[in-house]
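Every read-out reported here was derived from the displayed coordinates using simple, explicitly stated rules and does not represent laboratory data. Keep in mind it's a predicted model, so treat the numbers as computed, not measured. Because the Cβ atoms are built from the backbone with ideal geometry, glycine has one as well, and the counts that use them run over all protein chains shown.
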Amino acid sequence: MPDLGTYADAVLSAYAVSILLLVALVALTLWRGRRVRSEMEHAERRSGRDG
């Protein structure tokens, strides 16, 4: 690990926040994708189409 000196806390906390935001965005994207897929399947069943 490089020597960050007096900025170590700021740099490491910025990395931590960035990683948390990326994880949250990926989780939100996966959750919304599943929800949309479920809604699409439901709409296709209602319309009577099999694909």
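Data table
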read-out: Search result, residues across the stretch 9-33 that are among the charged types (D, E, K, R) and either in contact (Cβ under 8 Å) with a residue 24 or more places away in the chain or surrounded by 10 or more Cβ atoms within 10 Å (Cβ to Cβ) (or both); value: 32
read-out: Some residue of the stretch 37-48 being out of contact with any Lys or Arg (no Cβ under 9 Å at 6 or more places or on another chain), acidic (Asp, Glu) and exposed (fewer than 10 other Cβ atoms within 10 Å of the Cβ); value: no
